[in-house]
Amino acid sequence: MHEKRVARAYRFELWTSIAVYAVLLAGSIRFGRPLADGPLRTVVLLLPMIGFGLMIRAIARHVARIDEYQRLRMLESVALAFAITAAVTFSYGFLETAGFPKLSMFSVWIVMGASWGLVNLVRGMVGRRTVES
Amino acid sequence: MKNDIRTLRAARGWSQAHLAELLDVSRQTVIAIETGRYDPSLPLAFALARLFGQPIDTIFFPDQETA
């Protein structure tokens with residue numbers, strides 16, 4: 001089945017990239033942190049990003065593998081998630097001005113992932129209802 | 001755009017999953033095309049026409065004829 005083949009290939013490539021990231025992260029923490037400041041330390045501490053590079057490659061290959069309708073759906077979902085993320089992060093920016101605690105930039109990615117999940121969940125439920133009716 | 005894909009598929013006794021496999025697309029894509037929620041690209045429309053052995057304009061037709 002097309003979607004299962006595509007999902008299997010994506011899972012393999014994605015988990016490989018995550019494994020590479022985890023191994024390089026452990027290595028950079030173990031060997032990079034104790035190094036003296038300098039170019040070598042900077043390079044070693046950045047090494048986990050090779051895993052991220054592989055993740056970008058996995059995602060690019062996945063987008064190329066999925067069919068045209070799935071690609072359109074993905075674009076719509078990402079666009080909606082993008083807009084929701086902007087709304088949430090802008091709102092929190094105003095709340096920070098109002099005295100809420102400052103949050104790390106890393107939280108933006110979490111909001112984006114959660115927004116994408118929410119969009120897919122809602123669209124899936126709406127889609128099922130449309131097919132059933 | 002409307003289409004006769006559901007009828008043509010049923011006439012051959014094919015499931016949506018089987019048609020999806022023949023076209024190398026997902027079952028969701030076949031469902032979206034059959035229900036008219038998605039108009040396929042020209043290459044996919046030609047693939048459907050080839051598969052059913054019919055010209056494209058006998059499978060797909062506009063909701064309403066324009067001038």
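What ratio of Cα Rg to 2.2 N^0.38 Å holds for the stretch A:62-108? If you can, show how the numbers build up before the last one.
Values: Rg = 15.6 Å, N = 47, 2.2 N^0.38 = 9.5 Å.
The value comes to 1.65.
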Notebook entry, point to check: Which angle from 0 to 90°, rounded to the nearest 10, does the C-alpha axis of helix B:42-52 make with the longest principal axis of chain B?
Noted result: 60 degrees
Notebook entry, point to check: Which value, in debye to the nearest 20, describes the size of the charge dipole of chain A about its Cα centre when Lys and Arg Cβ atoms bear +1, Asp and Glu Cβ atoms bear -1, and nothing else is charged?
Noted result: 400 debye
Next item on the list: Alpha carbons only, please: Rg and Dmax for chain A, in angstrom.
Entry: 19.4, 66
Next item on the list: Would you work out which of B:PRO43, B:VAL30, B:PHE60 lies farthest towards the positive end of the dipole of chain B? Charges go on Cβ: Lys and Arg +1, Asp and Glu -1.
Entry: B:VAL30
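Given a 1.4 Å probe and no ligands, DNA or RNA in the count, how much accessible surface is buried by B and A, both sides, to the nearest 100 Å²? Display every interim value, and only then the final one.
On the way: alone 4420 and 10130 Å², together 13440 Å².
Counting protein atoms only, the buried area is about 1100 Å².
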Next item on the list: Report, in whole Å, the centroid distance computed from the Cα atoms of the stretch B:1-28 and the stretch A:1-39.
Entry: 39 Å
Check: For the charge dipole of the stretch A:1-115, defined by +1 on Lys and Arg C-beta atoms and -1 on Asp and Glu C-beta atoms about the Cα centroid, which residue among A:ALA83, A:THR16, A:GLY93 has the Cα displaced farthest towards the positive pole?
Finding: A:THR16
Margin query: When a/c reaches 1.5 or more, the comparison of a/b and b/c decides; with that in mind, is the stretch B:1-59 rounded, prolate or oblate per its Cα gyration tensor?
Written below: rounded
Next item on the list: Calculate how steeply helix A:106-132 sits against the longest principal axis of the alpha-carbon atoms of chain A, using the helix alpha-carbon long axis, and give the answer as 0 to 90 degrees to the nearest 10.
Entry: 20 degrees
Check: Ignoring ligands, DNA and RNA, what percent of the accessible area of the protein assembly as shown is carbon or sulfur (1.4 Å)?
Finding: 69 percent
Next item on the list: Compute the accessible area of each residue in the stretch A:1-48 twice, once for its chain alone and once with every protein chain present, using a 1.4 Å probe on heavy atoms, and list those whose area falls by at least 10 Å².
Entry: A:MET1, A:HIS2, A:GLU3, A:ARG5
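Would you mind getting the accessible area per residue of chain B, heavy atoms of the protein chains only, 1.4 Å probe, in Å²? It would help to have the intermediate numbers written out before the result.
Values: 3900 Å² over 67 residues.
Accessible area per residue: 58 Å².
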Check: If only Cα atoms are counted, what is the Rg of the stretch A:1-51, and what is its Dmax, in Å?
Finding: 15.6, 53
Notebook entry, point to check: Considering protein heavy atoms only and a 1.4 Å probe radius, which residues within the stretch B:12-26 exhibit an accessible-area decrease of no less than 10 Å² in the full assembly relative to the chain by itself?
Noted result: B:ALA17, B:GLU21, B:ASP24, B:VAL25, B:SER26
Notebook entry, point to check: Once both axes come from the Cα atoms, what is the angle between helix A:2-27 and the longest principal axis of chain A, in degrees from 0 to 90, rounded to 10?
Noted result: 20 degrees
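The values are calculated or read from the model by the stated rules, or taken from the named source; none is laboratory data. None of these values were measured; they are calculated from a predicted model. Note that we place each Cβ from the backbone using ideal geometry, even for glycine, and neighbour counts take in every protein chain shown. Just so you know, the surface numbers come from the protein's heavy atoms only, side chains and all, with ligands and any DNA or RNA stripped out. Shrake-Rupley method; radii C 1.70, N 1.55, O 1.52, S 1.80 Å.
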